[in-house]
Amino acid sequence: MNKLLLSSAIASTVCFTGHSFAAGPIDGKVYGKVNASIVNNDSGSSDEWKLNSNASRVGVKGKTEISDGLYAIYKAEFEMFVDDGSKDSSKTRCAAVLDQDGEETGNEVCLTDSDKSTFSQRNIMAGIKGDFGTIWAGKHDSPTKLAQNKIDLFNDLEGDIKNTFEGENRVSNIVAYTSPKVNGFSATVAMIPGEGSDFDEDGNDDTGLADGISYSISYDMDNLYIAVAGDQDVDKQDLLRVVAQYKMDALKLGFMYQQNEDNLNSKDESGYFISAAYKMDKTTLKAQYGTIEDDVDGDEEETLSLGADYKMAKNTKVYVFYTDNTDSEVGSADDEDSSFGVGMEHKF
């Protein structure tokens, strides 16, 4: 009942181009989660405790049958910040300092603009779904990111693989098609128009429909999941990712291999990631490790996480974790960042 009332409230207050939704509940559901943790972070130069809001979110999603077997679908999801109530993002703009002859002096002057907001946009999309599959568009996780499935056991925490691996992108202006699932197989291909920007950094403005491409092909049946995914000119990267996950009674194993290079030929990385979870009644023990090396300069990044979840109720759990992220640069001392935390997640 509370979700129905909240849905009605959202439907009665949100307007598009001057027209409000029809009276009554929307044809979907309100959902979300609150995830907060108390974390000690030791980066060598600093050692501090923090309260983190780990991608806590609220959203509404649903579908409407517009004809027999044909549906309009939608999702609008926003991140909320349970630690200090706002997202503090800042942008810094810099310009070269010129001398009296108009020549650059080698110095810069920089200005920082701060932006505080209560909500931050996550996945927002609309589309059409039928027996032919789904055509959808908006700002959304790329097919490559979605192909990771759930092998990242410390997602949204300090051990999130996005801190080590490229490819975890939420892409703006995405236009995609997802096939129906047939005998366990499905595929998604997404196009990202450049909209006049230099999308691939070749010095020319890109105005095509598919200036960036992301795709995935997956097989999901019984206890086995396998996917091959890739990006071309997405976040300035060309990327290939292979993912596998297998469930065997109480044990769940995950594996990922990835190769990526940037458009400026300054990065050529390859690496792997493994994870394991073992469930014992209400407790789940978790561990994961990943490493990736750049063949251009020999730099290497590693991530290691250990932890446990305890399920208090169907939608509520508490957890504890330890993460060590290491960035090794040739000719420099390792940059090591370790974190220990306890937290709670509740889904609604």
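Overview of values
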quantity	calculated
Any pair with Cβ under 7 angstrom, 6 or more apart, that starts in region 150-170 at a residue that is closer than 20 Å to Val234 by Cβ and ends at one that is at pLDDT below 95 and among the hydrophobic types (A, V, I, L, M, F, W, C)	Asn169/Val234
Pairs where the first residue, in region 72-84, is under 10 Å from Gly62 (Cβ atoms) and the second is hydrophobic (A, V, I, L, M, F, W, C) and at pLDDT below 95, C-beta under 7 Å, 6+ apart	Ala72/Ile66
Matching residues in region 269-319 - criterion: being in contact (Cβ under 8 Å) with a residue 24 or more places away in the chain, under 21 Å from Leu253 (Cα atoms) and not in a strand (DSSP E or B)	Lys282
Selection count, region 320-330, where residues are in contact (Cβ under 8 Å) with a residue 24 or more places away in the chain and under 10 Å from Gly159 (Cβ atoms)	3
Those strands (runs of 3 or more DSSP E) lying entirely in region 41-120 with at least 3 residues modelled with pLDDT under 65	87-98, 104-117
Matching option when the condition is touching a residue at least 60 places away in the same chain (Cβ under 8 Å) and either surrounded by 19 or more Cβ atoms within 10 Å (Cβ to Cβ) or assigned to a loop (DSSP other than H, G, I, E, B) (or both), among Ser216, Ser197	Ser216
Qualifying residue in region 261-270 (condition: under 25 Å from Lys150 (Cα atoms) and under 19 Å from the mean Cα position of the chain (by Cα))	no
Options Gly331, Gly307: the member that is of a type in the set (Gly, Ala, Ser) and surrounded by 18 or more Cβ atoms within 10 Å (Cβ to Cβ)	Gly307
Some residue of region 292-306 being at pLDDT 95 or above, out of contact with any Ser or Thr (no Cβ under 8 Å at 6 or more places or on another chain) and polar (S, T, N, Q)	no
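The values are calculated or read from the model by the stated rules, or taken from the named source; none is laboratory data. Bear in mind the structure is a predicted one, so any value in this text is a computation, not a measurement. As a convention, Cβ positions derive from the backbone with ideal geometry for all residues, glycine included, and neighbour counts pool all protein chains shown.
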